[in-house]
1. Can you pull the accessible area of B:Thr109 for me, 1.4 Å probe, Å² to the nearest 10?
2. Probe radius 1.4 Å, ligands and nucleic acids left out: can you give me the accessible area buried at the B-A interface, summed over both chains, in Å² to the nearest hundred?
3. Tell me the accessible surface of A:Leu118 in square angstrom (1.4 angstrom probe, heavy atoms of protein chains only), to the nearest ten.
4. Please list, in chain and number order, the residues 5+ apart from A:Leu17 or on another chain whose amide H is under 5 Å from its amide H, with Hs placed from the backbone.
5. So, for segment A:1-159, what is the accessible surface per residue at a probe of 1.4 Å, expressed in square angstrom?
6. In the neighborhood of A:Thr145, defined by Cβ-to-Cβ distances under 14 Å, what is the net charge if each Lys or Arg adds +1 and each Asp or Glu adds -1?
7. Among A:Ala143, A:Val165, A:Leu130, whose Cα sits farthest toward the positive end of the charge dipole of chain A (+1 at Cβ of Lys/Arg, -1 at Cβ of Asp/Glu, about the Cα centre)?
8. Sum -39500 (n - 2.57) across every DSSP H segment of at least 4 residues in chain A, then divide by the residue count to get the 222 nm mean residue ellipticity, nearest 500.
Amino acid sequence: MALDTLYQAETPEGIALALRPAGLVARAQAWAIDFGIRLGLFFVISLVAGIAGGLGAAFLLIAYFLLEWFYPVVFELGRGGATPGKQALGLQVVMDSGLPVTVAASVVRNLLRAADFLPFLYAAGAMALLLRHDFKRLGDLAAGTLVVYRETVRLHGALPEAPPVAPARLLSGAEQAAIVAWAGRGTRLTPERFEELAQLARPVAGLPAGARGADLTRRLLGVAHWVLGHREAQR
Amino acid sequence: MRVDAIALQLRPRTMAEAADLGVLLVQRHVRSLARTWAPVYAAVALLALATIELGAWVPGLVIFWCKPWLDRTILFVLSRAVFGDATSAADLWRQRRSIWRGDLLRTLTLRRLSPWRSYTQPVAQLEGQSGAARRRRRAQLLRGRRGAAAGVHAVYAHVELVLVTGVLALAVWLAPEGSHRSVLAWLGRGGTLSNGLVISATYAAIVLVLEPFYVASGFAMYLNRRVELEAWDVEQEFRRALA
């Protein structure tokens, strides 16, 4: 079984979802950005509060309390499901069933940040992220939430042009996906590497063993177009 | 090099996500690391701690300075782990010349100063490149990924600091009632032999745990870069599905 970072979640309808939980590096960087933003907000508020004297001090303490405990909650329940730092890193907080995060779960996971903070600056949280497969810190465990990457990385470009060709034999789903993935990389790889990969798929192209590399590439690109449902224009 | 034998699911990932995959690789192969990395590191750490009488900061500096050399042992284990192979002390001993003696001068000087050494380490150690070829290869890996590689390095450097402080803070917390203040003052008072030893030993213990994760994250990022540059994920799929 190949090692992967995926987390399998099942919806009530019995559909298996593959979530991609985020680990230490992304979340530490997201935290650093959020910490900077909170620090900046607190600085601005204390400038304003400084003018107001005694009342300002009370206001400042309330602002500090709200920033510390509810800054993440407000953003997690918003549209993006993530604080600005997490959004910058492409992260999102979801329930571990894949559903959007609920109010209760968001409050619980952020109250338990205090436990993850112990004994010093999120040391417990960092250890949990290093030792668990699903990268849940203590707050995530208690609330049943997961921090996931929102978007997949795409290395695909547009497929290079080629006349559609039927493959030499029936292709399984995995084979079709592999050929389309190969074709999509055409603009990104060196021609030599592109052709080298095409050689691996020679049986599908249905060319004789002596055929030139360029012909093979072209033929296989045609198969990719065919798999995607493109057909020769009707005359 | 058989790409289809790689026991990792290759697909395009961000560098941070690739670093997560490295964490899983360490979790999966913790036994191999305990058999090989732990004894090697224990020997170095004990030697380093023996220098405590030269100054309270010397053991920490020795361990810190030897890290690129120590990382070579970890990367050897991980380079086999990627194919699902376990590593025993005997495997390590057979390869001791290339692992411990190879590229020694550079490892202990320039590599120590590199802000992304775990990411570029496979170029020298696994690809066996040297000279101009290595410089070109490294530049190719780093192009457009310099920030991400340095970012991962920075995260692990900070986590190390946090964990060392965390363990010391825990010691203060668990001190007998009423003595917290004096324990804290004792830890903060520099220069004495005993507190220097406690702090150095704590640092040594954290490096034992954290260094494999750091090296594995860099290695997984290196593999991810080869997915980007050479479409290793497509090769893996082709060889599995079509061969």
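1. That residue has around 60 Å² of solvent-accessible surface.
2. In total, this chain pair buries about 4000 Å².
3. A:Leu118 has an accessible surface of roughly 70 Å² with all protein chains in place.
4. A:Ala9, A:Glu10, A:Thr11
5. Normalised by residue count, the accessible surface of segment A:1-159 is 51 Å².
6. Charge balance in the 14 Å sphere: +2.
7. Of the candidates, A:Val165 comes out farthest on the positive side.
8. Rounded to the nearest 500, the figure is -16500 deg cm²/dmol.
The values are calculated or read from the model by the stated rules, or taken from the named source; none is laboratory data. Model, not experiment: these values are computed from the prediction. Cβ atoms come from the backbone with ideal geometry, glycine included; neighbour counts cover every protein chain shown. We work out accessible area using only protein heavy atoms, side chains counted, and drop any ligands, DNA or RNA first. Shrake-Rupley method; radii C 1.70, N 1.55, O 1.52, S 1.80 Å.
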